[in-house]
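Reading through the structure tokens given below for one structure.
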Amino acid sequence: MKKIAVLTSGGDAPGMNAAVRAVVRSTIYYGAKAYGIKQGYHGLIRGQIEEMDLSSVADIIHRGGTKLQTARSEEFMTVAGRKRAMYTVEMFEIDGIVVIGGDGSFKGAQKLAELGVPIIGIPGTIDNDLRYTESTIGFDTAVNTVLDAISKIRDTSSSHGRANIIQVMGRHCGDIALHTGLAGGAESIIVPEMYFDIKKVCGKLVQGKNRGKLHSIIILAEGVGDGIETAKRIEEITGIETRVTILGHIQRGGSPTAYDRILASKMGARAVQLLLEGKQARAVGIKGLKVIDVSLSEAINGGSWFNKEMYELADILSL
Ligand code: F6P
């Protein structure tokens, strides 16, 4: 294994830079050459690849986004696109690739692995929707970004005695909503994994108002429905003035938390070790304090487990 390349793919996540840094520096530490591929699979198809040295990853551990840039490549999903990607791999004599991204990126990695390229996946997505690992890189930072917003919105919610819906990211996964809802003391958490009963949400609001509660925070995962529509229905049912904040891409940016930087550093180093040990088509993850690795197919098909106990706890504590 002489040449190891790294790419970031799909939605960016805070901590991806720390992971790139760990991959590049570990590769060089073990005596191999490090390469960076720009714009994910899109760049792999177009041969956007260059050698990286120790200083090319200096001053990025604390930065959000990804220095390598990222993309969602439709072309890579086609046989012809992957053939072109293979041309780059062969031309640059790349011996192994580290892919940092979410489930879509892992599916792409598996397709490339099937063509004979040694690949290791690192979970990088704010969604935390890969169940084989306790956390994905970027999730902790996104949760803290949302939490900061909740605290600010709570101030104005109390001042006006309004209800406030905060719509968060997560597509098919309610983890951002769940964690921020519990940590932020939200009155209701609406996630795709649990049955959504508007009457229950409204009942809680009215009950809280009747006993003198000034603020009401409802966290809505984007996958469930539209925040503005939901606010209208709440106003109609309860008569309580309801405002909506859609946090959007602010959740994807910002300096990574210490947790995400450490996670990214550990996973990046382990990914390189796995390639050097001759492992193929694996994904690194975290269980407890330990870095683990599973097959890419296990990582992709890890199911859709949802922490119901945590959801129920948030419900109980927000009475
Ligand atoms: O997968 C990460 C994510 O941020 C999701 O939470 C969100 O739904 C999606 O990406 C948004 O994608 P885009 O930036 O392409 O609009």
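In this structure, Ala283 qualifies as touching a Phe, Trp or Tyr at 6+ places or on another chain (Cβ under 7 Å), in contact (Cβ under 8 Å) with a residue 40 or more places away in the chain and either assigned by TED's automatic domain parsing to the domain that holds Ser157 or more than 16 Å from the ligand (Cβ to nearest atom) (or both). Among the residues of the range 213-223, the ones that are out of contact with any Cys (no Cβ under 9 Å at 6 or more places or on another chain) and either part of a strand (DSSP E or B) or modelled with pLDDT of 95 or more (or both) come to 6 in all. Scan the range 199-209 and give yes if some residue there is assigned to a loop (DSSP other than H, G, I, E, B), out of contact with any Asp or Glu (no Cβ under 9 Å at 6 or more places or on another chain), away from the ligand (no atom under 16 Å from the Cβ) and not hydrophobic (A, V, I, L, M, F, W, C), otherwise no. No, because not a single residue in the range 199-209 is assigned to a loop (DSSP other than H, G, I, E, B), out of contact with any Asp or Glu (no Cβ under 9 Å at 6 or more places or on another chain), away from the ligand (no atom under 16 Å from the Cβ) and not hydrophobic (A, V, I, L, M, F, W, C). I'd like to know if the range 7-18 contains one or more residues that are farther than 20 Å from Ser255 by Cβ and within 15 Å of the ligand (Cβ to nearest atom). The answer is yes, given that some residue of the range 7-18 is farther than 20 Å from Ser255 by Cβ and within 15 Å of the ligand (Cβ to nearest atom).
Within the range 102-120, if we keep just the residues that are within 15 Å of the ligand (Cβ to nearest atom) and open to solvent by less than 20 Å² (accessible area, probe 1.4 Å), the residue that is farthest from the chain's Cα centre (by Cα) turns out to be Gly108.
Of all residues in the range 138-154, none satisfies being open to solvent by less than 10 Å² (accessible area, probe 1.4 Å), aliphatic (A, V, I, L, M) and not in a helix (DSSP H, G or I). Scanning the range 20-42 for residues that are within 16 Å of the ligand (Cβ to nearest atom), open to solvent by 10 Å² or more (accessible area, probe 1.4 Å) and on the phi > 0 side of the Ramachandran plot turns up at least one hit.
What pairs come out if I take residues in the range 236-253 that are more than 11 Å from the ligand (Cβ to nearest atom) and pair them with residues that are among the small types (Gly, Ala, Ser) whose C-beta lies under 6 Å away, six or more apart or interchain? So the pair list comes out as Ile240/Ala163; Thr242/Ala163; Thr242/Ala231; Val244/Gly227; Val244/Ala231; Ile246/Gly227.
For the range 75-92, the set of residues classified as under 23 Å from the mean Cα position of the chain (by Cα) and either under 16 Å from Ala113 (Cα atoms) or at pLDDT below 95 (or both) consists of Phe76, Met77, listed by residue number. List every residue pair whose Cβ atoms lie under 7 Å apart, where the two residues are 6 or more positions apart in sequence or sit on different chains, the first residue falls within the range 308-319 and is at pLDDT below 95, and the second residue, located anywhere, is open to solvent by less than 40 Å² (accessible area, probe 1.4 Å) and not aromatic (Phe, Trp, Tyr). Close Cβ pairs (under 7 Å, with a partner that is open to solvent by less than 40 Å² (accessible area, probe 1.4 Å) and not aromatic (Phe, Trp, Tyr)) amount to Ser318/Gly185; Ser318/Ala186; Ser318/Glu187. In the range 160-172 there is at least one residue matching the filter, namely being open to solvent by 10 Å² or more (accessible area, probe 1.4 Å), at pLDDT below 95 and either part of a helix (DSSP H, G or I) or under 19 Å from Ser9 (Cβ atoms) (or both).
Of the listed requirements (1) open to solvent by 40 Å² or more (accessible area, probe 1.4 Å); (2) over 15 Å from Ile119 (Cβ atoms), Asp95 misses just one: (2). Only strands (runs of 3 or more DSSP E) whose full extent lies in the range 230-319 are considered here, and the ones with at least 3 residues that are closer than 30 Å to Lys209 by Cα are 242-246. Against the criterion of being open to solvent by less than 40 Å² (accessible area, probe 1.4 Å) and within 16 Å of the chain's Cα centre (by Cα), Ile45 does not qualify.
The values are calculated or read from the model by the stated rules, or taken from the named source; none is laboratory data. Being a predicted model, the structure only gives us computed values, none of them experimental. Every residue, glycine among them, receives a Cβ derived from its backbone with ideal geometry; neighbour counts consider all protein chains shown. What goes into the accessible areas is simple: the full protein's heavy atoms, side chains included, and nothing from ligands, DNA or RNA. Shrake-Rupley method; radii C 1.70, N 1.55, O 1.52, S 1.80 Å.
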